[in-house]
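The values are calculated or read from the model by the stated rules, or taken from the named source; none is laboratory data. Just so we're clear, the structure is a prediction, and the values are computed from it rather than from any experiment. Heads up, the Cβs are rebuilt from the backbone with ideal geometry, glycines too, and the neighbour counts pull from every protein chain shown. What goes into the accessible areas is simple: the full protein's heavy atoms, side chains included, and nothing from ligands, DNA or RNA. Shrake-Rupley method; radii C 1.70, N 1.55, O 1.52, S 1.80 Å.
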Amino acid sequence: MGKRVYLGLGSNLGNKEQIIKKAIDRIGERVGTVAAVSSFYKTEPWGYQSVHTFCNAVIAVETELSPEEVLSAVQIIERELGSKEHRKSDGSYVDRLIDIDLLDYNGLVLDTYALVLPHPYMHKRPFVMEPLAEIAPQWTHPVLGKTATEILAELK
């Protein structure tokens, strides 16, 4: 039985929906079986200013890969789809073609140089919690002990 992984996808440049669909296809080919795909949400940039709105989605994937292998696979997909760095040298965010975040790996709590699970900011981001609550309302944050629905309610 595979592990259930939740990935957040975002794009604010180019044909956003098309890029996210391409990313989901490649995730399905390389990471595992895509078990659920949220609606696509139009959202304002978070953490920086831009005239470009985002398209965001969350997907659930059943995978046999390790957390590090999932991270590596999605980073390769980001590069293939044309994404460059997500931050400037000063640490501020920039517009991007595609951003794929590993949000949760089967409830694992991990804090290494390469990877922090669950995603350290996910519970503060409506653009993550809204699509996650849509496809997995009972998903429970492994550190906070709250469901996606409860976290989303607190953000609103």
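A few remarks follow.
- Residues of region 103-130 satisfying the condition of being of a type in the set (Val, Ile, Thr) and in a loop (DSSP other than H, G, I, E, B): 109, 112
- Test: residue in region 124-133 that is within 22 Å of residue 3 (Cβ to Cβ), out of contact with any Asp or Glu (no Cβ under 6 Å at 6 or more places or on another chain) and surrounded by fewer than 19 Cβ atoms within 10 Å (Cβ to Cβ): no
- Among the candidates 11, 66, residue that is within 14 Å of residue 131 (Cβ to Cβ) and hydroxyl-bearing (Ser, Thr, Tyr): 11
- Of all the residues in region 35-62, those that are within 19 Å of residue 103 (Cα to Cα), aliphatic (A, V, I, L, M) and open to solvent by 50 Å² or more (accessible area, probe 1.4 Å) number 2.
- Within the option set 151, 77, being modelled with pLDDT of 90 or more and either closer than 24 Å to residue 14 by Cβ or of a type in the set (Gly, Ala, Ser) (or both) holds for one residue only, 77.
- Cross-chain or 6+ apart pairs with Cβ under 6 Å, region 42-68 first and modelled with pLDDT under 90, then among the small types (Gly, Ala, Ser) and part of a loop (DSSP other than H, G, I, E, B): 48/92
- Filtered residue count, region 1-50, keeping only those that are aliphatic (A, V, I, L, M) and farther than 19 Å from residue 148 by Cα: 9
- Pair list, Cβ under 9 Å, 6 or more apart: region 1-26 residue free of Cβ contacts under 8 Å to residues at least 12 places away in the same chain and open to solvent by 80 Å² or more (accessible area, probe 1.4 Å), other residue of a type in the set (A, V, I, L, M, F, W, C) and in a strand (DSSP E or B): 25/34
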